[in-house]
1. Please determine whether any residue of the stretch 327-343 is buried (at least 16 other Cβ atoms within 10 Å of the Cβ), at pLDDT 85 or above and touching a helix residue (DSSP H, G or I) at 6+ places or on another chain (Cβ under 8 Å).
2. Which one of these does Q150 not meet: (1) open to solvent by less than 20 Å² (accessible area, probe 1.4 Å); (2) within 20 Å of K57 (Cα to Cα); (3) not charged (D, E, K, R)?
3. I'd like the full set of residues that are open to solvent by 60 Å² or more (accessible area, probe 1.4 Å), closer than 20 Å to K315 by Cβ and modelled with pLDDT under 85, limited to the stretch 344-364.
4. Has the stretch 259-270 got any residue that is over 22 Å from Q359 (Cβ atoms), among the polar types (S, T, N, Q) and under 32 Å from the mean Cα position of the chain (by Cα)?
5. So, in the stretch 241-297, exactly how many residues are open to solvent by less than 30 Å² (accessible area, probe 1.4 Å) and either within 17 Å of T339 (Cα to Cα) or in contact with a Cys (Cβ under 8 Å, 6 or more places away or on another chain) (or both)?
6. I'd like to check something: does the stretch 101-109 contain any residue that is of a type in the set (F, W, Y), crowded, with 17+ Cβ neighbours inside 10 Å and either over 48 Å from the mean Cα position of the chain (by Cα) or under 16 Å from L48 (Cα atoms) (or both)?
7. Restricting to the stretch 255-310, what's the tally of residues that are among the hydrophobic types (A, V, I, L, M, F, W, C), in a helix (DSSP H, G or I) and either within 17 Å of C349 (Cα to Cα) or without any contact (Cβ under 8 Å) to a residue 12 or more places away in the chain (or both)?
Amino acid sequence: MLPPESETERLAILRSYRILDTPPEPAFDDLVQLAARICQTPVALISLIDDRRQWFKAEVGLGVRETPLDRSICLTAMVQAGLTIVPDLTEDPRFAHNPLVTGEPNLLFYAGAALRTPDGVPLGALCVFDSVVRDLSQDQSVTLTMLARQVMALLELRRTIADCDAKVETSRQIEQRQTLLVRELHHRVKNTLATVQALVGATGRSTGSFDEFNHSFSNRIASLAKTHNLLTEDYWQTAPLREIALNEFKPFDESLQPRFMLIGQPVELSADLAVPVGMALHELTTNAVRYGALSNPTGHVRVQWNVDEVEGTRKLHLEWREVGGPPVKEPQHRGFGSTLLQRVLPMQCNAEVEVQYTQEGLRFQMSAPLVERRLVPFY
């Protein structure tokens, strides 16, 4: 046997041919038939040495496709240069006690030509057996060696074809994926432009001066851009809810006193849910900074979520709760934030929404179905 590190490398090379446990193939069957006919033996094999067995890509006269490695005679022939010939296996201490020699099929004669890669790595042998003590003629020896080279040539050709097929399939998948990416990009750009247009109109209606409009609109666009940055990391497919929330709380991240808590399992939101949820969290944060728990040094916000399955559909449940801020009351007129929370989320995300102005602070709850299907597959 080869040293452990060499054997590990040899097995990796053997498996790179993707030949083990494949069905019989006429080209290999013809070669063992030819070897048996030329050498005038009842048994001929293309034997490949795996880690715990010898497996026969083609065989004639033996009737099995593999045997345990401790019965392998080809294991010895594989690591020797040239052709290995054993006229009488019972007289060779390496093979005298082999079950294939001492019992059925009572093999006595062996000749094997090693199967080596172009780099000289041994994979197995093309071998012949007989049940009588004998030898090979010079022509038979030369021909068996030539046939072994043909076996290796077939293995190389087979691997080259398989590699080409794999590359063609990979190219096809990449092309399909690029088509899906372009389609998703068009969809995302169209939706983003519609969102920006809606932001312009809604912000304009809810602000009283150009400076106020510019400030509110710029902040909303910046929040939208942050969510899109997360989406582009996954090819406009999903964005992590925790990261979406952290983007909004970043100004408070280094506060000496904790100003927010995020409690929930890792959840990936599809693009069509991530964008409105990101905008909702932005509006809630902005409102908390102006009027709520983040407007004084003692208040804090707790955002908690979980996912469960309701009638076969996975749903996201999210709660925003403010504590420690000034007293709050329901606004007299509905601005962009209220409209987004109470109208846009239900229409766009099929969400169930509840907004409460409690004594201790604003409480917002939503429940929305998760979109599980990815348009663009992972690499």
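1. no
2. With (1) open to solvent by less than 20 Å² (accessible area, probe 1.4 Å); (2) within 20 Å of K57 (Cα to Cα); (3) not charged (D, E, K, R) applied to Q150, the lone miss is (1).
3. Correct list: M347, Q348.
4. Within the stretch 259-270, one or more residues are over 22 Å from Q359 (Cβ atoms), among the polar types (S, T, N, Q) and under 32 Å from the mean Cα position of the chain (by Cα).
5. Selection size over the stretch 241-297: 13.
6. Taking every residue of the stretch 101-109 in turn, at least one turns out to be of a type in the set (F, W, Y), crowded, with 17+ Cβ neighbours inside 10 Å and either over 48 Å from the mean Cα position of the chain (by Cα) or under 16 Å from L48 (Cα atoms) (or both).
7. Count: 9.
A quick yes/no check of all residues on (1) among the small types (G, A, S); (2) farther than 21 Å from L147 by Cα:
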| position | (1), (2) |
| --- | --- |
| R15 | no, yes |
| D21 | no, yes |
| E25 | no, no |
| D30 | no, no |
| A35 | yes, no |
| C39 | no, no |
| D50 | no, yes |
| R53 | no, yes |
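The values are calculated or read from the model by the stated rules, or taken from the named source; none is laboratory data. Remember, predicted model here, so these are calculated numbers, not experimental data. As a convention, Cβ positions derive from the backbone with ideal geometry for all residues, glycine included, and neighbour counts pool all protein chains shown. Only protein heavy atoms, including side chains, enter the accessible area calculation; ligands, DNA and RNA are left aside. Shrake-Rupley method; radii C 1.70, N 1.55, O 1.52, S 1.80 Å.
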